[in-house]
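Comments concern the structure below.
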Amino acid sequence: MVYARMTLQLSVVLLLASVLLVLYHFGFVFNNDCINESCSQFARCCPNLVGNFHPDLRVISIEEMATRFYWVREGGLYSSTPSDVSSGTTRVAILIPFRKREEHLQILLNNLHPFLYRQQLDYTVYVVEQVDEKPFNKGKLYNIGYKEAKKNNHTCYVFHDVDLIPENDHNLYGCVRSPMHLSRAINKYNYRLPDDKLIGGVSAWRTEEFERVNGWSNLFWFWGGEDDDMSYRIMANRLPIYRFRNSVARYLMLKHSQSTINTARKRILKDSHIRYKFDGLSSLVYIPPDIQQSPLYTRILVKL
Ligand code: UDH
Ligand code: MN
C-alpha cells in the first residue's frame, strides 16, 4: 500500500518535471527568456556556428574587410536565399546610430559581418549617421533609419549601438520573438542584467510590435532617456521583453567617454506612457536623407 502511494507520488513528480522541462525548452518560464530558442535550435544555420568567441578588436580598413568578406554585396547586404519577399524569409535590417566613432564602427563591422553570415540570415547593415552639429538624437535617428530601411521590405529590425560587440553567435539576430533585448549580458555590468526593464544597447523588433509602440521617442537630445522611454512604451502596451539566456546574450562594450548628459530626461520620462501615442513614428518629420552604398554598409546621412 505504502509502496503503491510512493510510486504514485513519484510518477506525479516525474510528470510535473517533464511538463516543466517542455515549457522550459520553449522558453515559457523564467521571465520570458527564450531559453533554448537561440540559433542552436535552427538546424539550417547550425553548422557554421561556434558559440562563444573572442571578438577581434583590431581596427581593420574597410577595403581589407571588403575583400575578406566575399559574401557581402555593395550596401552591406547578404542574401542566403534567392531574394523573394513572398518566400517568408526573415529579412533583417541592422540599424546603427552613428556620429564620429569610426574606430568602433570598423571593429563592429569586422565582427558583425562574419557573425551574421554564420547565422545564415538575409541582412543589410545600415549606418544612420547624424551629419549636423546639433546634439545627438539616437531615437530620431533610429526612427528615420527604420522608415528608410522599411522601403526595402525588411521584416526584422535590430537597433544596435556601435560599441557593443557580440561574443556568442547563438545570439540569433532574427526576431524569433519581438521585442527582444539581445544585449542582456555586457562585460561592463559583469555580464548581468542590471534591470529587468532594460531594452537599450541591442534590441530586435518585428514590424508589428515596433509600430504598436509608435517607434522611439523623437524628443531625447544628448545622452540618455530614450531607452527608458522605450521601456515605458513596452509596458504601456503590455508587451513582454524576451531575452536569450545570459551565457548567449553576451557583449563586449568598447571604451568611450561619457557624452553630454540630457539633464531634462527625467522630466520628459514622466509622461512616456501617454506621450508614446503621439511622439514617435507617427510624428516623425525629416529631411529626406542622402543614401549612399558603401562596400560594407548602407549609409543614411541625416540632418536633424
Ligand atoms: N553615438 C555615436 N556618437 C555619439 C554618441 C552616440 O555614434 O557621439 C551612438 C553610438 O552608436 C553609441 C550609441 O549612440 O553606441 C549610444 O551612445 P553612448 O555609447 O554614448 O551611450 P552609452 O549608454 O554611454 O553606452 C554610457 C556611458 C559610459 C561612460 C563610461 C565612462 N567610464
Ligand atoms: Mn556606449
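Of the residues making up region 129-165, those that are within 14 Å of ligand 1 (Cβ to nearest atom) and within 11 Å of the chain's Cα centre (by Cα) are VAL158, PHE159, HIS160, ASP161, LEU164.
If the condition is being part of a loop (DSSP other than H, G, I, E, B), buried (at least 20 other Cβ atoms within 10 Å of the Cβ) and more than 16 Å from ligand 2 (Cβ to nearest atom), then region 120-137 contributes only LEU121.
Listed by position, the strands (runs of 3 or more DSSP E) inside region 220-304 whose residues that are buried (at least 20 other Cβ atoms within 10 Å of the Cβ), in contact (Cβ under 8 Å) with a residue 12 or more places away in the chain and within 16 Å of ligand 2 (Cβ to nearest atom) number at least 1 are 250-253.
Selection of region 251-290 for residues being over 30 Å from ILE107 (Cβ atoms) and basic (Lys, Arg) yields LYS266, ARG267, LYS270, ARG275, LYS277.
Determine, yes or no, whether ARG192 is assigned to a loop (DSSP other than H, G, I, E, B), assigned by TED's automatic domain parsing to the domain that holds LYS277, away from ligand 2 (no atom under 16 Å from the Cβ) and among the charged types (D, E, K, R). When the stated conditions are applied, ARG192 passes them. Scanning region 161-173 for residues that are part of a loop (DSSP other than H, G, I, E, B), surrounded by fewer than 23 Cβ atoms within 10 Å (Cβ to Cβ) and either free of Cβ contacts under 8 Å to residues at least 24 places away in the same chain or not charged (D, E, K, R) (or both) yields a total of 1.
The values are calculated or read from the model by the stated rules, or taken from the named source; none is laboratory data. Only a predicted model underlies this, so the values are computations on that prediction, with no experimental measurement involved. Reconstructed Cβ throughout: ideal geometry from the backbone, glycine too, with neighbour counts over all protein chains shown.
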